[in-house]
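Structure record follows, encoded as structure tokens.
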Amino acid sequence: MSRVPTLPYTASNFPPQYGNALAGQHTLAITWPELVWAAISVGRAELLHLMRFGPFSAFEIVYRAALVFANLKERPDGNITRSEAYDGLDPSEKGAVSYFLGLTTAKLVADRLLSIPWLMHLDVYRQDLQPVLQHGETRPDLVGQTTAGQWVVIESKGRTNGRDARALERAKEQVEALVSVGGVAPVLRIALQAHFESGALNCTLDDPEERKSRRRLDIPLSRPKLFEGYYRPFREWLREAPATRRQTVKGRRYRVADFSDIDLSVGLDEGLLNDDPPAVADEGREHLAEEHRAFGRDGILVNVGELWTADNMRLEPKERRR
């Protein structure tokens, strides 16, 4: 059996009920399809906006998958490292890519370790939350729910090099500022940082003790509104995709469309295609990750082809072939 990619992580200050996996240093075995799934499914305003425009609706999915493909590679020891393309970027470009990798890592770790399949950037709801969210105000970027329906807030940071202690402290301040979502206190407020130690992608996550901040925010966001924003881009894209097909995985049926240029296909559980009623949590849905396929508990499916094999992903992007 071939070695799978790994993500070393360090977790601190999580309540004892979350077990040993959320205390100390560990290594998470992951797959390339999982990374693509996390990259395309973490909700951001750009995806929601772009999905409204018919023939351009697939661009953001392709863009996010391409960012993973172009900027990361697998080392012989299984660790994930920066590609030559990443290292060749100018500082501002590296900042944008590292921020994106922080969001992607947050989504992957949240689902795998904490059963948080739905994670959205608050900017998606900015129009609805304008009276609450002020420009430049201290607050976390991400809000989500566990499969049990509990709210969580996460602030993710990305760094091109080693762990940045000051940035992590800033993330703690941001998550501590949000005290409730829809009047309900989050079960977790997570400060997370994706960074490269000795060239290998690592993750640090902390659930800090609550401290009093200057302004204590309540975000008036509901569960149906979270789900509507999360699934709308995929629903609208699949409705307008020029060619879709049905795929059955583990007894579940998915509506799937292909991105042949990047050897990728993406699908959504058919039970989640309709706007009404809104999507509901399904604690029976499992997380699956294989070399060529991944789906999370959110019902989004990712298939990858030969371009994404372990042998290819150990090469620099310009050297990879089908």
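Derivation of every value follows stated rules applied to the coordinates shown; laboratory data play no part. Remember, it's a predicted structure, so these values are computed and weren't measured experimentally. Reconstructed Cβ throughout: ideal geometry from the backbone, glycine too, with neighbour counts over all protein chains shown.
The protection proxy used here, the mean number of other Cβ atoms lying within 10 Å of each residue, ranks peptides 13-24, 103-114, 290-301 as follows, highest first: 103-114, 290-301, 13-24. Distances between placed amide hydrogens fall under 5 Å for Val181 paired with Ile219, all partners being 5 or more residues away or on another chain. For Lys157, the lysines whose Cα comes closer than 27 Å to its Cα, not counting residues fewer than 8 places off in the same chain, are Lys73, Lys94, Lys107, Lys172, Lys212, Lys225. Calculated [222 nm] ellipticity per residue, helices only, for the chain: -9000 deg cm²/dmol; basis is -39500 (n - 2.57) per DSSP H run with n ≥ 4, divided by all residues, nearest 500.
What number, in percent, do you get for the relative contact order of the chain if the mean sequence gap of Cα pairs under 8 Å and at least 6 apart is divided by its residue count?
Worked out over the chain, it gives 20 percent.
Volume of the convex hull of the range 6-224 (Cα atoms only), normalised per residue: 133 Å³.
State the antiparallel share, in %, of DSSP beta bridges confined to the chain, rounding to the nearest 5. Intermediate results must be reported in sequence, preceding the final value.
Numbers: 47 of 63 bridges.
Roughly 75 percent of the beta bridges in the chain run antiparallel, per DSSP.
Projecting the Cα positions of Pro220, Gln193, Ala165 onto the charge dipole of the range 6-224 (unit charges on Cβ atoms of Lys, Arg, Asp and Glu, taken about the Cα centre) puts Pro220 furthest along the positive direction.
If you wrap the range 231-317 in the convex hull of its Cα atoms and look at it from every side, the mean projected area works out to 6.4 nm².
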